[in-house]
1. Against the condition open to solvent by 100 Å² or more (accessible area, probe 1.4 Å) and within 19 Å of the chain's Cα centre (by Cα), how does residue 101 come out, does it pass?
2. Return the residue satisfying two criteria in turn: it lies in the stretch 1-16 and is open to solvent by 90 Å² or more (accessible area, probe 1.4 Å) and at pLDDT 75 or above, and of such residues it is nearest to residue 90 (Cα to Cα).
3. Going through the stretch 85-144 one residue at a time, which ones are modelled with pLDDT of 85 or more and not in a helix (DSSP H, G or I)?
4. Checking the structure you have, find out if any residue of the stretch 94-113 is aliphatic (A, V, I, L, M) and in contact with a Ser or Thr (Cβ under 8 Å, 6 or more places away or on another chain).
5. Does residue 51 satisfy being over 30 Å from residue 4 (Cβ atoms) and not in a loop (DSSP other than H, G, I, E, B)?
6. Check the stretch 23-40 and report whether any residue there is closer than 30 Å to residue 114 by Cα, without any contact (Cβ under 8 Å) to a residue 40 or more places away in the chain and open to solvent by less than 50 Å² (accessible area, probe 1.4 Å).
7. Pull out all pairs, ordered by first then second residue, where Cβ-Cβ is under 6 Å, the residues are six or more apart or on different chains, the first lies in the stretch 81-92 and is closer than 8 Å to residue 50 by Cα, and the second is small (Gly, Ala, Ser).
8. Out of the residues in the stretch 52-73 that are open to solvent by 90 Å² or more (accessible area, probe 1.4 Å) and of a type outside the set (D, E, K, R), state the one that is modelled with the lowest pLDDT.
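The values are calculated or read from the model by the stated rules, or taken from the named source; none is laboratory data. Note that this is a predicted model, so its numbers are computed, not measured. Glycine gets a Cβ as well: all are built from the backbone with ideal geometry, and neighbour counts include every protein chain shown. Ligands, DNA and RNA are stripped out before the accessible areas are found, and what is left, the full protein with its side chains, is counted by its heavy atoms. Shrake-Rupley method; radii C 1.70, N 1.55, O 1.52, S 1.80 Å.
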Amino acid sequence: MRLRDTTVVFLCAFLGMMVLFLPLPVLSGPYEDIQEGQVHWNCPVPLLSLAPPDVDIDAVRDAVDDAIAANLATGQAYVPPESQHPLCGGLARTQVGLALLAFAAAFWRGRRWWRSTADIRAEKRFKRLHESVENPDSRPRLFR
């Protein structure tokens with residue numbers, strides 16, 4: 001399958017925007033004695049969180065213990081505490097790196113397409129110029 005250069009440029013730019021502005025929700029597994037489902041992990045937008053503050057795992061463990069104790073005491077459904085995942089910073093930097101690579105690929109393919117079609121655009125301009133000189137009635141009224 002052969003894609004046109006403009007399609008590849010659009011796909012690379014779209015991929016770069018998606019990676020840059022959407023956090024990846026892959027951090028749902030266990031992390032350092034905190035089981036899956038005990039904490040609702042979240043990560044902010046990668047572009048805004050390149051150097052997030054450190055997460056205190058002990059404070060997260062205490063919040064999980066408090067939530068479990070409240071669950072046992074009241075008998076209500078378990079409500080997991082929310083916390084930023086400790087690996088969000090590394091993931092955000094990786095995502096920004098991937099976005100920059102996607103934008104570089106889009107720029108390269110776009111420039112390649114622009115240079116390869118320069119002669120076609122010049123021929124169109126040349127043809128339009130000669131048509132307007134050969135047939136003056138075809139020119140717009142503004143230029144008569």
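1. On the way: open to solvent by 100 Å² or more (accessible area, probe 1.4 Å): yes; within 19 Å of the chain's Cα centre (by Cα): yes.
Considered against the rule, which asks whether it is open to solvent by 100 Å² or more (accessible area, probe 1.4 Å) and within 19 Å of the chain's Cα centre (by Cα), residue 101 comes out as yes.
2. Out of the qualifying residues, it is 15.
3. Passing the criteria: only 117.
4. Going through the stretch 94-113, the residues aliphatic (A, V, I, L, M) turn out to be 96, 98-102, 104-106.
Subsequent filtering for residues that are in contact with a Ser or Thr (Cβ under 8 Å, 6 or more places away or on another chain) retains none.
So far as the stretch 94-113 goes, no, none of its residues is aliphatic (A, V, I, L, M) and in contact with a Ser or Thr (Cβ under 8 Å, 6 or more places away or on another chain).
5. No.
6. The first filter runs over the stretch 23-40 and keeps only residues closer than 30 Å to residue 114 by Cα, leaving none.
No, because not a single residue in the stretch 23-40 is closer than 30 Å to residue 114 by Cα, without any contact (Cβ under 8 Å) to a residue 40 or more places away in the chain and open to solvent by less than 50 Å² (accessible area, probe 1.4 Å).
7. Once the first residue is closer than 8 Å to residue 50 by Cα and sits in the stretch 81-92, its partners that are small (Gly, Ala, Ser) give 92/49.
8. 53
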